[in-house]
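Visitor: Pasting a structure below so you can have a look.
The values are calculated or read from the model by the stated rules, or taken from the named source; none is laboratory data. These numbers come from a predicted model, not from an experiment. Methodologically, a virtual Cβ is constructed for each residue, glycine included, from the backbone with ideal geometry; neighbour enumeration extends over all protein chains shown.
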Amino acid sequence: MKLAGILAAALLLGALPYLTHSNYVIGIAVSACVFTTAAAALNLVYGFAGLLSFAQLGFWGIGGYAAALTVMTFGGSFWQGLLWAGLIDAAAALAIGYPALATNRHAFVIVTLAFALLVTLVARDWVGLTRGPLGIPGLPGPTLFGVEFKTTPRFYWIAYGYALLALAMLWLVCTSRIGRTLVAIKQNEPLVRAQGIAPRPYKLAAFVIGAAITGIGGGIYAFHLKIIDPLFLDFYYMQTFLIIVIIGGAGSFWGVVLAGIVMSTLPEVLRFSEDFRMIIYRAVLLAAMLAMPNGAGGWLAQRRLARVRAELP
Amino acid sequence: MTALLEVLDLHKSFAGVRALGGVSFDVEAGSITGLIGPNGSGKSTTIDCISGFQAADGGRVRLAGADITSCAPQAIARAGLIRTFQTVLLYERLSVRDNLAIAAQQFDDAIWLDELLRTARYRRAVAVADERTRQLLDLVGLSRYAEVDAGMLSYGEKKLVALAAALMSQPKLVILDEPVAGVNPARIREVEAILRRLNGAGQTLVIIEHNVEFVTNLCHRVVVLDQGRKLAEGTPAEIHGDPRVLEAYLGMTPEMAAAEAKGAA
């Protein structure tokens, strides 16, 4: 039942370019794919492992710049750019995660925040590499085996494929014992250690996987925008990922995926009222948080628990 | 034959205050050993040092002949020494079943790739853990709570879940930190019976407890700590008659104890 629903939704979203010719609608779908996946990556780090990481914004930016520079400065292909985006972010996550995870959770938050700000500074001030505030315009549409992905509907396939692959991988991690161990570490680290499990490799793995997926998403999104500049590191993106995770329910895989799709499209759906749309958007956020303080996933978990409780002898 | 656990001359100070001043004792395989003493006598520090949660300033700890001194807690657990905690530690927002399953997962042969790909080895490990979870929940009488979040249980039930979790990995030695403190008296009998059954099946146990009756009923040997030193060691009967123990524990001289016993009779 659940599986059928997921398959149907995936097929429907995959067939989107056949259902509409509107570049506007498909453009929103590209954002939805990328934002949902980046949020699901943050969910692995924050929702499962309990690590509030603002570094996602830095990984997002590095991924965007890595992909753009690979193509525009180093003459590589878009696909090589994505590879570099993933690899550089994985390496960066290892480098900052290893020492930062030895500290406590609060210090970890500060370290990741500092990292994100540092990446912003580099993007703006290392003009020789990033071309500074002017940015790098004219990112070309990718090609693969002679097929061009220049138009928005074609480009959508890339974003969609990325979302499918990355979400499948995240699902494998989150629903395995690894995901459960991450939750256990979040809830009670001394107990995890007393049961023979070393917490740091788990946390580091979550952080690195989350970084690589976010970076590749950033690379794809930069080529969707066809330009990258320091605004790509605007806090807006971090805020979007975080809102999706919290509305979906930190630690709930499907809750966050669902919230990603809803929250990426909601601001656009509200365009019927240009003047009030951001006000309505915020009001919806507020209402959702008041009704479901632990997000959609938390709300569902609570209902399940109430049911189990009611059935107790 | 050497003992299963050998504790040799443990020393530990906190900011210059001496917590342990040379504690030594052995735990024989197959035995139940009690560790008792007044508040602040160093019981908790002793097991924290044994289990790796505190680094001892001096002394050695050996488990089945292998030196585990100053190993990380997770390494000591993997070596086969599992402990519980005085303030019950559980994954409060995971089900009782998951609480038990996690306690075993480091001890099977499934690696991370097995987990991601759900290989036969992974499924076998999960099946084994499921079966053991079922048995242990049955043993502690909490089978009907398997799907409930651990945080929803009563204090006594939580202690039983922690006990069951400690047994999941079939450890060589289990150290129980106050298994019945705060548990209602009817339940204490139950815990006693469970521990006796486990020991009958060969499980070696160390019990830290304030409840003297509980320790006396259950333990083969008792080690008494006072002010960071071993005050006495012996069978429960020997400990009962030891004047130093009475004085440290109850602040009584043997004469007072005898008088009190007479008065009570």
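Visitor: Restricting attention to region A:25-43, does a residue exist that is over 27 Å from A:G255 (Cβ atoms), in a helix (DSSP H, G or I) and more than 16 Å from the chain's Cα centre (by Cα)? Break it down stepwise before answering.
Guide: Here is the first cut: in region A:25-43, the residues over 27 Å from A:G255 (Cβ atoms) are none.
The answer is no, given that none of the residues of region A:25-43 is over 27 Å from A:G255 (Cβ atoms), in a helix (DSSP H, G or I) and more than 16 Å from the chain's Cα centre (by Cα).
Visitor: Within the group B:E157, B:E115, B:E178, which residue is at positive phi and crowded, with 19+ Cβ neighbours inside 10 Å?
Guide: Details: B:E157 fails: at positive phi; B:E115 fails: at positive phi.
Result of the check over B:E157, B:E115, B:E178: B:E178.
Visitor: Out of all the residues in region B:74-101, which are more than 9 Å from chain A (Cβ to nearest Cβ) and hydroxyl-bearing (S, T, Y)?
Guide: Within region B:74-101, just B:T87 meets the criteria.
Visitor: Could you please find all residues in region A:42-60 being in contact with a Gly (Cβ under 8 Å, 6 or more places away or on another chain) and over 12 Å from A:M238 (Cα atoms)? Outline the logic, then answer.
Guide: So in region A:42-60, the residues in contact with a Gly (Cβ under 8 Å, 6 or more places away or on another chain) come out as A:42-45, A:47-48, A:53, A:56, A:59-60.
A:N43, A:L44, A:V45, A:G47, A:F48, listed by residue number.
Visitor: On to the next question. State all residues of region B:135-159 that are closer than 14 Å to A:V308 by Cβ and in a helix (DSSP H, G or I); if no residue qualifies, say none.
Guide: Answer for region B:135-159, where residues must be closer than 14 Å to A:V308 by Cβ and in a helix (DSSP H, G or I): B:S143, B:R144, B:Y145, B:A150, B:G151, B:M152.
Visitor: So, in region A:163-178, how many residues would count as being more than 9 Å from chain B (Cβ to nearest Cβ) and surrounded by 20 or more Cβ atoms within 10 Å (Cβ to Cβ)?
Guide: The initial filter retains those residues of region A:163-178 that are more than 9 Å from chain B (Cβ to nearest Cβ), namely A:163-168, A:170-171, A:174-175.
Checking the rest, the ones that are also surrounded by 20 or more Cβ atoms within 10 Å (Cβ to Cβ) come to A:163, A:166-167, A:170, A:174.
Qualifying residue count for the region: 5.
Visitor: If I ask for residues that are in contact (Cβ under 8 Å) with a residue 40 or more places away in the chain and either crowded, with 23+ Cβ neighbours inside 10 Å or more than 7 Å from every other protein chain (Cβ to nearest Cβ) (or both), which ones from region A:179-194 would you list?
Guide: Hits for region A:179-194 are A:G179, A:L182, A:I185, A:K186.
Visitor: Step by step: first the residues of region B:181-205, then only those that are surrounded by fewer than 17 Cβ atoms within 10 Å (Cβ to Cβ), touching a residue at least 40 places away in the same chain (Cβ under 8 Å) and in contact with a Gly (Cβ under 8 Å, 6 or more places away or on another chain), then the one that is farthest from B:G65 (Cα to Cα). Which residue is that?
Guide: Taking the candidates together, the pick is B:E190.
Visitor: Quick test for you: out of B:A104, B:A19, B:A110, pick the one residue that is more than 13 Å from every other protein chain (Cβ to nearest Cβ) and modelled with pLDDT under 95. Break it down into steps so the answer makes sense when it comes.
Guide: Values: B:A104 fails: more than 13 Å from every other protein chain (Cβ to nearest Cβ); B:A110 fails: more than 13 Å from every other protein chain (Cβ to nearest Cβ).
Just a single option satisfies the conditions, and that option is B:A19.
Visitor: Select the strands (runs of 3 or more DSSP E) contained entirely in region B:166-254, then report the ones holding at least 3 residues which are of a type in the set (D, E, K, R). Write out each step before concluding.
Guide: Numbers: elements: B:173-177, B:204-208, B:221-226, B:229-234.
Fully inside region B:166-254 and qualifying: B:229-234.
Visitor: Take the residues of region A:147-157 that are aromatic (F, W, Y) and either part of a helix (DSSP H, G or I) or within 14 Å of chain B (Cβ to nearest Cβ) (or both): which is farthest from A:K226 (Cα to Cα)?
Guide: Narrowing region A:147-157 to residues aromatic (F, W, Y): A:149, A:155-157.
Narrowing the set further to residues that are either part of a helix (DSSP H, G or I) or within 14 Å of chain B (Cβ to nearest Cβ) (or both) leaves A:155-157.
On the way: A:F155: 11, A:Y156: 14, A:W157: 16 Å.
Here the answer is A:W157.
Visitor: Residue check, B:S41 against (1) modelled with pLDDT of 90 or more; (2) touching a Gly at 6+ places or on another chain (Cβ under 9 Å), all met but one. Which one?
Guide: The single condition B:S41 does not satisfy is (1).
Visitor: A follow-up question, please. Going through region B:31-53 one residue at a time, which ones are within 14 Å of another protein chain (Cβ to nearest Cβ) and small (G, A, S)?
Guide: B:S44, B:S51, B:G52
Visitor: Still on this model: For residues that are surrounded by fewer than 20 Cβ atoms within 10 Å (Cβ to Cβ) and without any contact (Cβ under 8 Å) to a residue 60 or more places away in the chain, scanning just region A:232-253, find the one that is nearest to A:C174 (Cα to Cα).
Guide: Step by step, filter region A:232-253, then rank; the result is A:I243.
Visitor: Which ones in region A:133-176 are of a type in the set (G, A, S) and touching a residue at least 12 places away in the same chain (Cβ under 8 Å)?
Guide: We begin by selecting, within region A:133-176, every residue of a type in the set (G, A, S); these are A:135, A:138, A:141, A:146, A:159, A:161, A:163, A:166, A:168, A:176.
Once the filter is applied, which keeps residues that are of a type in the set (G, A, S) and touching a residue at least 12 places away in the same chain (Cβ under 8 Å), region A:133-176 yields A:G135, A:G138, A:G141, A:A159, A:A163, A:A166.
Visitor: Tell me whether region B:206-220 contains one or more residues that are surrounded by fewer than 17 Cβ atoms within 10 Å (Cβ to Cβ), assigned by TED's automatic domain parsing to the domain that holds B:I36 and touching a Ser or Thr at 6+ places or on another chain (Cβ under 8 Å).
Guide: There is at least one residue in region B:206-220 that is surrounded by fewer than 17 Cβ atoms within 10 Å (Cβ to Cβ), assigned by TED's automatic domain parsing to the domain that holds B:I36 and touching a Ser or Thr at 6+ places or on another chain (Cβ under 8 Å).
Visitor: Say whether the condition of being within 14 Å of another protein chain (Cβ to nearest Cβ) and among the hydroxyl-bearing types (S, T, Y) is met by at least one residue in region A:213-232. Show your work before the answer.
Guide: Of all residues in region A:213-232, those within 14 Å of another protein chain (Cβ to nearest Cβ) come to none.
No, region A:213-232 contains no residue that is within 14 Å of another protein chain (Cβ to nearest Cβ) and among the hydroxyl-bearing types (S, T, Y).
Visitor: While we're looking at this one, here's another question. Of the residues that make up region B:54-63, is at least one out of contact with any Ser or Thr (no Cβ under 6 Å at 6 or more places or on another chain), within 14 Å of chain A (Cβ to nearest Cβ) and small (G, A, S)?
Guide: No, region B:54-63 has no match at all.
Visitor: Can I ask one more? Give just the number: which of (1) in contact (Cβ under 8 Å) with a residue 60 or more places away in the chain; (2) surrounded by 18 or more Cβ atoms within 10 Å (Cβ to Cβ); (3) farther than 24 Å from B:V212 by Cα does B:F25 not satisfy?
Guide: Here B:F25 meets the rest and fails (3).
Visitor: Right, another one. Kindly provide the set of residues from region A:195-212 that are within 14 Å of another protein chain (Cβ to nearest Cβ) and closer than 18 Å to A:A67 by Cβ, ordered by number.
Guide: Quick first cut of region A:195-212, residues within 14 Å of another protein chain (Cβ to nearest Cβ) only: A:195-206, A:208-209.
Answer for region A:195-212, where residues must be within 14 Å of another protein chain (Cβ to nearest Cβ) and closer than 18 Å to A:A67 by Cβ: there is none.
Visitor: Give me a count of the residues in region B:41-77 that are surrounded by fewer than 18 Cβ atoms within 10 Å (Cβ to Cβ) and at negative phi.
Guide: Count: 9.
Visitor: Let me ask another. Every residue in region B:118-169 that is in contact with a Pro (Cβ under 7 Å, 6 or more places away or on another chain) and either within 9 Å of chain A (Cβ to nearest Cβ) or of a type in the set (D, E) (or both), please.
Guide: Keep residues of region B:118-169 that are in contact with a Pro (Cβ under 7 Å, 6 or more places away or on another chain), which gives B:144, B:159, B:163.
Across region B:118-169, the qualifying residue is only B:R144.
Visitor: Where in region B:1-100 are the strands (runs of 3 or more DSSP E), entirely inside, with at least 3 residues that are out of contact with any helix residue (DSSP H, G or I) (no Cβ under 6 Å at 6 or more places or on another chain)? Outline the logic, then answer.
Guide: Values: elements: B:5-14, B:17-27, B:32-36, B:58-63, B:81-83.
Filter on region B:1-100 gives B:5-14, B:17-27, B:58-63.
Visitor: May I ask you to list the residues in region B:118-147 that are polar (S, T, N, Q) and buried (at least 16 other Cβ atoms within 10 Å of the Cβ)? Before the answer, list the steps.
Guide: Step one: list which residues in region B:118-147 are polar (S, T, N, Q), which gives B:119, B:133, B:135, B:143.
Answer for region B:118-147, where residues must be polar (S, T, N, Q) and buried (at least 16 other Cβ atoms within 10 Å of the Cβ): just B:T133.
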